[in-house]
Amino acid sequence: MGREPGVPLIRNVNWGGLRALYIKEVRRFFKVQLQTIWAPAITTLLFLVIFSVALGGSGRTVMGVPFPDFIAPGLIIMGMMQNAFANSSFSLLVGKIQGTIVDYLMPPLSTSELLAALCAGAVTRAILVGLAVWGAMALWPGVHVTPSHPWAILWFGLMGSLFLALLGVLTSIWAEKFDHAAAVTNFVIAPLSLLSGTFYSVDRLAPLFQGISHANPFFYVISGFRYGFLSEADSPILFGALLLLALNAALGVLCYALLRSGWKIKS
């Protein structure tokens, strides 16, 4: 025996188990990378092409920059957030449907370690999608995506991806079939993403719709991430950064409490 009876083999953080679950989550989406990474990148690039041709003609500018340059950062982070949600909302749900949820519950992982691995896998997918989209846009003629404030790109990219990863975990806990997760995607995530100021400046909206936009947390992610490239933003950068930190902390506590209680997971 390596230790005396009753002496724990794992103290504090189970780094080995945490790493194993994280690698499992990454391998799961990387085995079908054509669908999980490259397809979203191509779809996002098509958004850029279509909106640039339809709305960016005649030298149109928004916030003092050409229209393609204005929408490019928003499209990058929008693709990152949507894929972070797609990844984390699938993890526990497929386990519940296929009856393999025990693979997440039986290993010697604490609730916080389980949550951390699920979110880390989702954020990793978001980063890969973001890099693929950014690389394609950097090579696209007429589009400039040179970083101006790398710290803003990193902070809002990570906070935005983590925000959607936690929402995905929450959806995965609540949902009982794929239709439930699809409903959240279609009626919550997609509208909030498209109405977040990705394709327009909220300063040009009526006061009522400006207020609605400022109540949308996606708006602060888009605005802060765009600031990292253009040095221009529709919202106070510090306020947006702190708001996202507070929202992620609140969602993290909620997801932790639900996972620990076993709501809709443990029979």
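The values are calculated or read from the model by the stated rules, or taken from the named source; none is laboratory data. All values derive from a computational prediction rather than experimental measurement. Every residue, glycine among them, receives a Cβ derived from its backbone with ideal geometry; neighbour counts consider all protein chains shown.
For L230, the requirement of being closer than 30 Å to F51 by Cα, under 19 Å from the mean Cα position of the chain (by Cα) and not polar (S, T, N, Q) is not met. Checked against (1) in a helix (DSSP H, G or I); (2) without any contact (Cβ under 8 Å) to a residue 60 or more places away in the chain, L251 meets all criteria but (2).
The single condition among (1) in contact with a Lys or Arg (Cβ under 8 Å, 6 or more places away or on another chain); (2) exposed (fewer than 10 other Cβ atoms within 10 Å of the Cβ); (3) modelled with pLDDT of 90 or more that L34 does not meet is (1). Here segment 119-153 is the region considered, the condition is being part of a loop (DSSP other than H, G, I, E, B) and more than 19 Å from F51 (Cβ to Cβ), and the residue that is modelled with the lowest pLDDT is T146.
Can you confirm whether segment 66-87 contains a residue that is in contact with a Phe, Trp or Tyr (Cβ under 9 Å, 6 or more places away or on another chain), farther than 25 Å from V49 by Cα, surrounded by 15 or more Cβ atoms within 10 Å (Cβ to Cβ) and not hydroxyl-bearing (S, T, Y)? Yes, the conditions are met somewhere in segment 66-87. I'd like the residue in segment 131-160 that is surrounded by 14 or more Cβ atoms within 10 Å (Cβ to Cβ) and among the aromatic types (F, W, Y) and, out of all such residues, is nearest to P40 (Cα to Cα). That would be W134. Restricted to segment 165-218, the set of helices (runs of 4 or more DSSP H) holding at least 2 residues that are buried (at least 20 other Cβ atoms within 10 Å of the Cβ) and not small (G, A, S) is empty.
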